[in-house]
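As structure tokens, the structure follows; a few thoughts come after it.
The values are calculated or read from the model by the stated rules, or taken from the named source; none is laboratory data. It should be emphasised that the depicted structure is a prediction, and the values quoted were computed from it without experimental measurement. Cβ sites come from the backbone with ideal geometry, for glycine too, and all protein chains shown count toward neighbours. Accessible surface areas use protein heavy atoms only, side chains included; no ligands, DNA or RNA. Shrake-Rupley method; radii C 1.70, N 1.55, O 1.52, S 1.80 Å.
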Amino acid sequence: MDFPFLKGCAIGLSIAAPVGPIGVLCIRRSLAEGARVGFFTGLGAAAADGFYGAVAAFSLNAISGFLREQQTPLRFIGGLFLLYLGAKTFFAKPADQPPSQRTHAGAFTSTFFLTLTNPMTIFSFMAIFVAFGLGSGPVDYWRATLMTAGVFIGSVVWWLFLSNGVALLRSRITPHSMRQVNRISGAIMIAFGTAVLFKIRR
């Protein structure tokens, strides 16, 4: 039997789980501001993963072609945004960001935008879809919908697990330790942003 929703969940998990700039942001925000803000950070990435999953599942060639053509400007924007987030995190003071509804929206928006500006995400989805034997033949819209929902849910499950798991350590984090977390996280994001911009120059 075919289980497109479960396959979508597996794809969403496989895309979300590797630690990258979004993972670093989620970990840092979960420690600094709590599990909810950390989860909203991951939720933004999950929403973008769902969008890219839909592009791959529904074979939306016009969108994937546009992303391919605009790869360089999208990478440039994403790289600069990573540098900005990295610098802001590096210099942040431990008590600068108390949780708030606006903070949740900002956490979601920042990672949604950051994930969308990485055109390689869609190509990763397409490669995985082909590996699962899902990239050929006419589009079955119900199946594609289940796949897209699965990608989103799979990604959400990972970010829920990561944010809540990391947040359990909050009580053990002193202001000095949090300052070191900020500096390490910021430096990692700056390194990611620099790498993205360097690839453009090449």
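When segment 90-105 is filtered for residues that are at pLDDT below 75, open to solvent by less than 60 Å² (accessible area, probe 1.4 Å) and out of contact with any helix residue (DSSP H, G or I) (no Cβ under 7 Å at 6 or more places or on another chain), only SER100 remains. Can we say ALA46 is buried (at least 23 other Cβ atoms within 10 Å of the Cβ), at pLDDT below 85, touching a Phe, Trp or Tyr at 6+ places or on another chain (Cβ under 7 Å) and among the hydrophobic types (A, V, I, L, M, F, W, C)? So ALA46 does not fit the description; no.
None of PHE123, PHE112, PHE108 is at pLDDT below 75 and within 25 Å of ALA10 (Cβ to Cβ) except PHE123.
Going through (1) within 28 Å of ARG183 (Cα to Cα); (2) open to solvent by 20 Å² or more (accessible area, probe 1.4 Å); (3) in a helix (DSSP H, G or I) one by one, VAL19 falls short only on (3). The set of residues from segment 52-73 being in contact with a helix residue (DSSP H, G or I) (Cβ under 7 Å, 6 or more places away or on another chain) and either of a type in the set (S, T, N, Q) or at pLDDT 75 or above (or both) comprises TYR52, GLY53, ALA54, VAL55, ALA56, ALA57, PHE58, SER64, THR72. Is it true that SER155 is at pLDDT 85 or above, part of a helix (DSSP H, G or I), small (Gly, Ala, Ser) and under 17 Å from LEU31 (Cβ atoms)? It is false that SER155 is at pLDDT 85 or above, part of a helix (DSSP H, G or I), small (Gly, Ala, Ser) and under 17 Å from LEU31 (Cβ atoms).
Among the residues of segment 148-190, those that are among the aliphatic types (A, V, I, L, M) and free of Cβ contacts under 8 Å to residues at least 12 places away in the same chain comprise LEU168, ILE184.
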